[in-house]
């Protein structure tokens, strides 16, 4: 039981850490878009990289914040039915909907991994010192690599899956005992 609690704590602390890191990513994206808008509309000097970097940063934030949001159970649910029920009933409702959650999350993880891997193994013609570097790159002048950003998608889906497992364990415990785990 102690190993299980350590696993659950590690997953939750990791998702909280990632969520707090995403605040920094969001602030950076806001700074970049503010800079881009200022350069574009006040100085008539738009940047090549501003809009693309902002899009990539918000993509990272969106992909990686899912586990953090699930830790706080911030995803959509029908609170009209759910909130007024006793703890044990809510646990049974969560166990029922867990089937849909895990089905969705496993498909998300699979497709995100496939999406990332096709980007990672793409030959985009980048060479450094005569060595071909695989991986998808943007077609803009700036040409950032896309595969590191696309890796955040399966990583975020995996963290969401792990957080879902933690909630599943908690819900099973509540459904059986009627009490939250200590």
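If you check 115, 129, 151 for being more than 30 Å from residue 93 (Cβ to Cβ), surrounded by fewer than 17 Cβ atoms within 10 Å (Cβ to Cβ) and within 19 Å of the chain's Cα centre (by Cα), only one passes: 115. Within the option set 95, 53, being surrounded by 15 or more Cβ atoms within 10 Å (Cβ to Cβ), touching a residue at least 24 places away in the same chain (Cβ under 8 Å), over 30 Å from residue 179 (Cβ atoms) and touching a helix residue (DSSP H, G or I) at 6+ places or on another chain (Cβ under 7 Å) holds for one residue only, 53. Just give me the residues in the stretch 68-81 being in a helix (DSSP H, G or I) and either loosely packed, with under 14 Cβ neighbours inside 10 Å or touching a strand residue (DSSP E or B) at 6+ places or on another chain (Cβ under 6 Å) (or both), in sequence order. Those that are in a helix (DSSP H, G or I) and either loosely packed, with under 14 Cβ neighbours inside 10 Å or touching a strand residue (DSSP E or B) at 6+ places or on another chain (Cβ under 6 Å) (or both): 79, 80, 81.
Could you tell me whether any residue of the stretch 113-121 is modelled with pLDDT under 95, more than 27 Å from residue 2 (Cα to Cα) and outside any helix (DSSP H, G or I)? Yes: the stretch 113-121 contains one or more residues that are modelled with pLDDT under 95, more than 27 Å from residue 2 (Cα to Cα) and outside any helix (DSSP H, G or I). Pick from 164, 156: which is in contact (Cβ under 8 Å) with a residue 24 or more places away in the chain and either touching a strand residue (DSSP E or B) at 6+ places or on another chain (Cβ under 8 Å) or farther than 18 Å from residue 58 by Cα (or both)? One residue alone meets the criteria, 164.
The values are calculated or read from the model by the stated rules, or taken from the named source; none is laboratory data. What you see is a predicted model, and the numbers here were worked out from it, not measured in a lab. Using ideal geometry, Cβ is built from the backbone for each residue, glycine included, and neighbour counts are taken over all protein chains shown.
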